[in-house]
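Note sheet for the following structure.
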Amino acid sequence: MPRPAASRLHTVGNPRKSTTLTVMTALFTLYCLLPLVWLVINATKSQADFVSTFGLGPGREFALWDNIAQVFTYQDGIFARWLLNTVLYVVVGATVSTFLAALGGYALAKLDFTGKRVFLLVVLGSISVPGIALAIPQFLLFAQLGMTDTPWAVLIPSFINPFGLYLMWVFTAEAVPSGLLEAAKIDGAGEFRTFLQIALPLLAPAGVTVLLFSFVSIWNNYFLPLIMLKDPDWYPLTVGINQWNKLGSSAGNGALVQNLVITSALLTIVPLIIAFLSLQRYWQSGLALGAVKG
């Protein structure tokens, strides 16, 4: 029986080529990148160029640095306050939610306690509930507690991450050997110390994933801060920039405010890009660990 030609063998090094798949991938990439390209180009334009030139074409002068300076000085520099508020919400919220998810996932995967099965069903059911459906009940609850219009009204709901808890539970069951935990307990380590010194380092790849998901979710959170906060000094970037956009539509000075909105929107995505690029190596190490374990 004749052997097939080497060029017909499809392997990892010689994958099958599909024109349809290539075209679809190119269209999807264009769809994702086109808004970003438009945002970057228009953030470099002056106010006059923004309203008089083509959206995807460059302006007559490069005004990016002037636009950034205007963003940080407009309305007495409140953009810097919004940026610090967002960093506060993201750092505290993402860190606490990731730690709680790791702690809960460890308990569900490695400990036996009464009501464990019921708790698992509650966690799985809560994943299917959209967060926006809980915004109004959360507002009413915090209003009764007198905590609305405070940072806690935004921080406390961000501490709970059902999907992160589920992800850490599944990862812990496979990545943390039970024998290693038993050895630590035989040596006299308590349950919490065993979690911190033995289990938590092994959960780093999944922890980074949960951290990034929480980071993006809190950074882009809009509806909950909108209904919880009334004081502009506590606004995150999402709510503050939208207020600028509404200001331009109502006050008749849309050219100025739209220019600021576009530049500030570009500034808000820079930390997200930095976070993904900085933590990408942990994802790669997690994939390598999974390949070795498999």
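Points worth noting:
- In this structure region 76-164 gives 54 Å² per residue of accessible area when probed at 1.4 Å with all protein chains present.
- Rounded to 0.05, the FRET efficiency of the V216 and L111 pair, given R0 = 25 Å and the Cβ-Cβ distance, is 0.25.
- To put it simply, the accessible area of the chain at a 1.4 Å probe is 69 percent carbon and sulfur.
- Relative contact order, whole percent, for the chain stands at 25, derived from Cα pairs under 8 Å and 6 or more residues apart.
- Across the options V170, L266, F99, the greatest Cα extent toward the positive end of the charge dipole of the chain (unit charges at beta carbon of Lys, Arg, Asp, Glu) belongs to V170.
- Efficiency of FRET from Cβ geometry, M24 and D66, R₀ 25 Å, rounded to 0.05: 0.05
- Between helix 237-251 and the chain: long-axis angle, C-alpha atoms, 0 to 90°, nearest 10: 20
- Dipole magnitude of region 91-190, debye to nearest 20 (Cβ charges: Lys/Arg +1, Asp/Glu -1, about Cα centre): 160
- The modelled label-to-label distance for the pair I127/F54, using points 7 Å beyond Cα in the direction of Cβ, is 4.7 nm.
- Segment V270-V118, extension gain: residue separation times 0.36 nm, minus the distance between their alpha carbons: 50.6 nm
- Taking a straight line from the alpha carbon of K110, these lysines sit under 24 Å away, with near neighbours fewer than eight places off in the same chain left out: K185, K293.
- Calculated FRET efficiency for the pair S278/A189, C-beta based, R₀ 45 Å, to 0.05: 0.90
- Each label point was placed 7 Å from the Cα along the Cα-to-Cβ direction; for V40 and I227 their separation is 3.7 nm.
The values are calculated or read from the model by the stated rules, or taken from the named source; none is laboratory data. The shown structure was predicted, so the numbers you read here are calculated from the model rather than taken from an experiment. A quick note on method: Cβ atoms are made from the backbone with ideal geometry, for glycine too, and the neighbour counts reach across all protein chains shown. Each accessible area value is taken on the protein alone, full model and side chains, heavy atoms only, with ligands, DNA and RNA left out. Shrake-Rupley method; radii C 1.70, N 1.55, O 1.52, S 1.80 Å.
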